[in-house]
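Asks: The structure is given below, and queries will be raised subsequently.
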Amino acid sequence: MEILMIRHFQTKGNLDKRYIGKTDETLAETDHTKQLVQKRKKSCKNVERVSSSPMQRCLQTAALLFPGETPVLCDKLRECDFGAFEGKNYKELRDTPAYLEWMESGGAMAFPGGESRMEFEERCMEGFLKTVDAWIKEGVQKAALVVHGGTIMAVLSQLDSEGREFYDWQPENGGGYRIFLNEQEWKQGNRMCRRIEKL
């Protein structure tokens, strides 16, 4: 099976480099996005199923890339809850003790009032596994997930056979990965990706 994991296009918060998790932003209209839509559409041909985070930025991205398709929503594939850091950027947080402590932990600590990376990864994996298992039962050969950068990082850091780390998988807006898995091996519990390619 081939699965496209695509990060939503840019929002205003992304352009301002803010932590945007539970804030339900819409896409920003930029020339960069228009160019990426055309570029990504080539990769998106022959997709049989589309699933998405329920956030507007993902649904709008799915509508641009897969017109006419109604994505199946998966709440567990939402972006991380950034807690007290939500809506802020590095410049606004850099002198905050809680932020400095979080940075020193390598991002492993829970966001104050939000999720820890472990909680986030477990949630995303649960959503991903449920979605893929349903596709395998339906005999789907090519599918797409329109999600968040953090969601992609959380899932691929768990499924990569080469053991690359969470931050190694950070995609740009509109970017992502094409992953390949063997359905029989997957059903037998070998839940790793055979191959991962950058889009």
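The values are calculated or read from the model by the stated rules, or taken from the named source; none is laboratory data. These numbers come from a predicted model, not from an experiment. Neighbour counts are summed over all protein chains in view; Cβ atoms, including those assigned to glycine, are modelled from backbone coordinates with ideal geometry. Ligands, DNA and RNA are stripped out before the accessible areas are found, and what is left, the full protein with its side chains, is counted by its heavy atoms. Shrake-Rupley method; radii C 1.70, N 1.55, O 1.52, S 1.80 Å.
Asks: Could you say whether any residue in the stretch 81-94 is part of a loop (DSSP other than H, G, I, E, B), out of contact with any strand residue (DSSP E or B) (no Cβ under 6 Å at 6 or more places or on another chain), without any contact (Cβ under 8 Å) to a residue 12 or more places away in the chain and within 30 Å of GLY107 (Cα to Cα)?
Replies: yes
Asks: Hey, another quick one. Return yes when LEU77 is within 24 Å of THR33 (Cα to Cα), open to solvent by 40 Å² or more (accessible area, probe 1.4 Å) and touching a Leu at 6+ places or on another chain (Cβ under 9 Å) and no when it is not. Break it down into steps so the answer makes sense when it comes.
Replies: Values: within 24 Å of THR33 (Cα to Cα): yes; open to solvent by 40 Å² or more (accessible area, probe 1.4 Å): no; touching a Leu at 6+ places or on another chain (Cβ under 9 Å): yes.
It is false that LEU77 is within 24 Å of THR33 (Cα to Cα), open to solvent by 40 Å² or more (accessible area, probe 1.4 Å) and touching a Leu at 6+ places or on another chain (Cβ under 9 Å).
Asks: Pairs please, first residue from the stretch 184-199 and free of Cβ contacts under 8 Å to residues at least 12 places away in the same chain, second anywhere and charged (D, E, K, R) and open to solvent by 100 Å² or more (accessible area, probe 1.4 Å), Cβ atoms under 9 Å, 6+ apart in sequence or on different chains.
Replies: Every condition considered, the pairs that remain are GLU185/ARG194.
Asks: Of all residues in the stretch 52-73 being aliphatic (A, V, I, L, M) and part of a helix (DSSP H, G or I), which is surrounded by the fewest Cβ atoms within 10 Å (Cβ to Cβ)? Working first, answer last.
Replies: Step one: list which residues in the stretch 52-73 are aliphatic (A, V, I, L, M), which gives 55, 59, 62-65, 72-73.
Right, trim to part of a helix (DSSP H, G or I) and you get 59, 62-65.
Details: LEU59: 20, ALA62: 24, ALA63: 17, LEU64: 21, LEU65: 23.
Within the stretch 52-73, the match that is surrounded by the fewest Cβ atoms within 10 Å (Cβ to Cβ) is ALA63.
Residue by residue, here is whether (1) in contact with a helix residue (DSSP H, G or I) (Cβ under 9 Å, 6 or more places away or on another chain); (2) part of a loop (DSSP other than H, G, I, E, B); (3) open to solvent by 40 Å² or more (accessible area, probe 1.4 Å); (4) without any contact (Cβ under 8 Å) to a residue 24 or more places away in the chain holds:
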residue	(1), (2), (3), (4)
LEU4	yes, no, no, no
PHE9	yes, yes, no, no
GLY21	yes, yes, no, no
ASP24	yes, yes, yes, no
GLU29	no, yes, yes, yes
VAL37	yes, no, no, no
LYS42	no, no, yes, yes
LYS45	no, yes, yes, yes
VAL50	yes, no, no, no
